[in-house]
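A short reminder: the numbers here are calculations on the coordinates, not readings from a lab. Just so you know, these numbers come straight off a predicted model, no measurement behind them. A quick note on method: Cβ atoms are made from the backbone with ideal geometry, for glycine too, and the neighbour counts reach across all protein chains shown.
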Amino acid sequence: MLSLFPVALELSDRPVLIVGAGKVAERKILKLMDCGARVRVISPLASALIEHWASLGQIEWIQRSYHSGDEGGYCLVWAVTDDHGLNGEIARNVREAGGFCDTATASSDRSMRSLAQGNVGSLMIAATSNPSDPIFSRMMVREILTSLKAEGLDSISIEHGCLREALLLQKMSSEELVRNMSKVGLVFFRENTDFSDRLALYVQWFGQEVSDRVRSCVLKRSEGS
């Protein structure tokens, strides 16, 4: 069984290609637009929603069938037609061109997988399985998100990130940063549910300046969320 390497990509203003324009394509396009990617769709027909996005100029729709070579210049391609054989052909072509391709159905030719994903606070939770089981992966993501929210932990990722930024400004070593951040895990937040109490502990552990920066950062990001 092959090992998989998980990675989060910055796709702002990056060109990506989707071959196919049905319901599966809609889900991919929506997430890619949220990431700021430049989406090109190739398909002779498209769903009403994809046509609408194209009419607004939010995506580019090339209204024809896929031609070998269309994948050139794209490092990320999704082959999501209802023709499994064509999806496999596209995946092979993308691999040979040095790119990565996901397909609508499991295929030995695909070179990447889209992960089940959800957000809580500033934290992204993503999952996949090997062998691929997207339904189970989505179930697990929902379970994790529900559990975090039920415990009131949906906002701690913001505070944790603010603390890390404040400590980095102290110009401490990587070892010091890891040691200090290890004090502030899930147990810490479960035992100290009041924000003011946590700020007081930050003063005790890291100093007033760090505590003040955390407070300012959390309030600013909470207002913007």
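Defining a contact as two alpha carbons under 8 Å apart and six or more residues distant in sequence, what relative contact order in percent does the chain show?
It comes to 11 percent, rounded to a whole number.
Would you mind working out the magnitude of the charge dipole of the chain relative to its Cα centre, with +1 at each Lys and Arg C-beta and -1 at each Asp and Glu C-beta, to the nearest 20 Debye?
With Lys and Arg at +1 and Asp and Glu at -1, about 120 debye.
Under the definition of Cα pairs under 8 Å and six or more residues apart, what whole-number percent is the relative contact order of region 102-198?
19 percent
Where the Cα atoms of region 127-192 are projected onto their three principal axes, how long is each span, largest first, in whole Å?
Extents along the principal axes: 44, 28, 16 Å.
In angstroms, what radius of gyration and Dmax does region 115-154 have, counting Cα atoms only?
So, for region 115-154, Rg and Dmax equal 10.4, 33 Å respectively.
When the convex hull of the C-alpha atoms of region 1-113 is computed, what volume per residue in Å³ does it have?
Taking only Cα atoms, region 1-113 has a hull volume of 99 Å³ per residue.
In 5 Å bins starting at zero, report the fraction of Cα pairs in region 156-224 per bin as a rounded %.
Reading upward from the zero bin: 3, 17, 31, 29, 15, 4, 0.
P(r) of the chain in 10 Å steps, Cα pairs, percent per bin?
7, 26, 26, 20, 16, 6, 0
Go through the chain and flag any cysteine with no other cysteine's C-beta closer than 4.7 Å, please.
Cys35, Cys75, Cys101
Using a 7 Å offset from the Cα along the Cα-to-Cβ direction at both Phe5 and Ser222, what is the distance between the two label points in nm, to one decimal?
For the pair Phe5/Ser222, the computed spacing is 4.0 nm.
With the cut-off at 25 Å, tell me which of the pairs Lys31/Lys171; Lys149/Lys220; Lys28/Lys220 have Cα atoms farther apart than that.
Flagged as over cut-off: Lys31/Lys171; Lys28/Lys220.
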